[in-house]
């Protein structure tokens, strides 16, 4: 009998609480949509789908194991992104950062640096 894989864990330890708090205050509808879409991705993963094995328009790789989740269904929205690192081996979805199209270059670079720190901290253990 096949062993059932554990559900994906959500980890926001590497996310800036101040950044997320400010974003949720300034863009509450977009914030709600981003996290609803994160729930959809986690649902797909929990039901056995693999990263790259499904195509959802709001979920896209930014390289370096960083993925962005966009908001959907928000009329006149500020284009927003939630940056995550899906650790396939440990089945942990790391929430890394949040921002708008205006800050995306910096946000992607910050997210990639955070992924590198997560990997380095594992090697140090």
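Here are some notes:
- Scanning region 35-53 for residues that are in a loop (DSSP other than H, G, I, E, B) and touching a strand residue (DSSP E or B) at 6+ places or on another chain (Cβ under 8 Å) yields a single hit, 51.
- Check on residue 61, under 27 Å from residue 120 (Cα atoms), outside any loop (DSSP other than H, G, I, E, B) and at pLDDT 95 or above: yes
- Residue 79 over 25 Å from residue 122 (Cα atoms), in contact with a strand residue (DSSP E or B) (Cβ under 7 Å, 6 or more places away or on another chain) and surrounded by 20 or more Cβ atoms within 10 Å (Cβ to Cβ): no
- Note on region 14-57: among residues that are touching a residue at least 60 places away in the same chain (Cβ under 8 Å) and under 26 Å from residue 119 (Cα atoms), the one that is surrounded by the most Cβ atoms within 10 Å (Cβ to Cβ) is 34.
- Hits in region 91-125 (condition: touching a residue at least 60 places away in the same chain (Cβ under 8 Å) and in contact with a strand residue (DSSP E or B) (Cβ under 9 Å, 6 or more places away or on another chain)): 91, 92, 93, 94, 95, 96, 97, 98, 99, 100, 114, 118
- Pick from region 1-12, criterion outside any strand (DSSP E or B) and in contact (Cβ under 8 Å) with a residue 60 or more places away in the chain, ranking: surrounded by the most Cβ atoms within 10 Å (Cβ to Cβ): 8
- Single residue of region 63-73 satisfying the filter (more than 21 Å from residue 9 (Cα to Cα), touching a residue at least 40 places away in the same chain (Cβ under 8 Å) and surrounded by fewer than 17 Cβ atoms within 10 Å (Cβ to Cβ)) that is nearest to the chain's Cα centre (by Cα): 63
The values are calculated or read from the model by the stated rules, or taken from the named source; none is laboratory data. Bear in mind the structure is a predicted one, so any value in this text is a computation, not a measurement. Ideal geometry is used to build each Cβ from the backbone, glycine not excepted, and the neighbour counts take in all protein chains shown.
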